[in-house]
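Reviewing the structure listed below.
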Amino acid sequence: MIDGVLIEKINTILAEEFEVDASIIKPEAPLMETLDLDSLDLVDMVVLIEHNFGFTVKAKDFVGIKSFEDFYQFINSRINGA
Amino acid sequence: MEPNESNKSWSGKSRGGTLGYLSFVFLIKNFGVGAAYSLLSFVVIYYIPFAPKATSAIWKYSRKILKKGRLTSLKFLYMNFFRLGQSIIDRVAVGAGKYNEFVFDFSEPDNVKKVLNSSEGVVIIGAHFGNWEIGSPFFDKYSKEMMVVMMDYEYQNIKKILEAQKKIDTFGVIPITENSFSYLFEIRDALSKGKYIAIQGDRLSKSEKHLDMMFMGSMAAFPLGPFVLATRLNAPVVFYFAVRTGYKRYKFEFTMAGDYSGEPHKKKEVALMKDYVTTLERVVGEYPEQWYNYYNFWNI
């Protein structure tokens, strides 16, 4: 079970960084398409994760992340060492 | 300077096959660069009609950007192709161990030396101008590994040539492949290990994000990628160009880029790009015939 506060924090950070309305961020929505991300934006995403959550991201970490739910799971597992 | 969707870009294909390249290698190794230059003077004549895209690009560059007349432009066109050929020949000669035959001058300010000698990673931004690669062996003096970022199809071409020559190059390569982001992580990891990341800041690939900048008196599209990477990864940036200044003589020119970390988010890369374009404009203005972007760079 992921903490609602963490989800809120992730959504706020993503909405601010990628300049989208936070209301369009739904757990089942596709991450890349919803945030309109391309490879250059991914640089921002990596920096953002490392800066806000304090762990290092590797290329393989992004494999399998399709939706916001996947992204929440990924952040949560890394923070809690799961 | 907003991104637009124009179609001016490099197709990704380079002229000249491996066999032609290896013929020149044979000539250089056995008869010297002078013999290779002589053969080149004839080969260039073939390229003018049979490389129409490149010919058209340089003709327009000469006529519309440099404002040269028709006859002068014809001579300029020949010299541009000839200089490109010379730069490849010289690069092969240096790579084959003939570097003692060449003179290399360094224009390297103290702040650049300090950064290149430090333990941190550095982003080195160059251009398809002059003879960038001829200087790569000299980066050894800083005892740091150089990783060159290039499109995967460029890398495959180079690999074929290196394998044919049974030669290992003086730099590593981080290939950019479509639909994969792994190169971003490789770049970041290399920087964190204190390596140099070399990347060209002038050539646009299809569908790449870009900004239009005033360059040599007209608007031209520059790729955002190198500048976004450099500013987001917080690495110091050095602009580097190697120009041919005479017979077997080169000058390596280094310029320290400004520190744009205080700029607002997403303005940093624009500031860095402006800095780069200003520097590039200065060196291209001095050596205009060493400009080797063979597509409609200015969309003119």
Result row for chain B, helices from DSSP H with C-alpha axial extent 27 Å or more and mean Kyte hydropathy at least -0.5, is B:70-93, B:268-286
log10 I(q)/I(0) for the protein assembly as shown, Debye formula on C-alpha points only (no solvent), q = 0.07, 0.14 Å⁻¹, two decimals, reads -0.36, -1.27
Rounded to the nearest 500, the 222 nm mean residue ellipticity computed for chain B from DSSP H runs (n ≥ 4, each -39500 (n - 2.57)) alone is -13500 deg cm²/dmol
Largest fluctuation, B:T231, B:T278, B:T72 only, Gaussian network model of chain B with Cα springs under 10 angstrom, belongs to B:T72
The ³J(HN,Hα) series, computed from each phi in the range A:66-81 with the Karplus coefficients 6.51, -1.76 and 1.60 at θ = phi - 60°, rounded to the nearest Hz and given as x for glycine or proline, is 10, 10, 4, 4, 4, 5, 4, 4, 4, 4, 4, 5, 6, 5, 8, x
Once amide hydrogens are built 1.01 Å from N within the peptide plane, the residues lying 5 or more places from B:D105 or on another chain with amide H under 5 Å from its amide H are B:Y250, B:K251, B:F252
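Over every pair of different alpha-carbon atoms in the range B:18-290, take the mean of 1/r and invert it; report that Kirkwood radius in Å.
19.8
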quick note, the protein assembly as shown, DSSP beta bridge pairs, % antiparallel (nearest 5) is 40
For B:A127, the residues 5 or more places away or on another chain with a placed amide H closer than 5 Å to its own amide H are B:G201
Note to self: C-alpha centroids of the range B:207-245 and the range B:61-94 sit apart, in Å, by 23
Here the net charge surrounding B:E289, from other residues whose Cβ is less than 13 Å away from its Cβ (Lys, Arg +1; Asp, Glu -1), is +3
Chain B: antiparallel bridges as % of DSSP beta bridges, rounded to 5, reads 40
Once amide hydrogens are built 1.01 Å from N within the peptide plane, the residues lying 5 or more places from B:I176 or on another chain with amide H under 5 Å from its amide H are B:M150, B:M151, B:D152
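No lab work stands behind these numbers, since they all come straight from the coordinates. What you see is a predicted model; the values in this text were computed from it and never measured. Note that each Cβ is placed from the backbone with ideal geometry, even for glycine, and that neighbours are counted across all protein chains shown.
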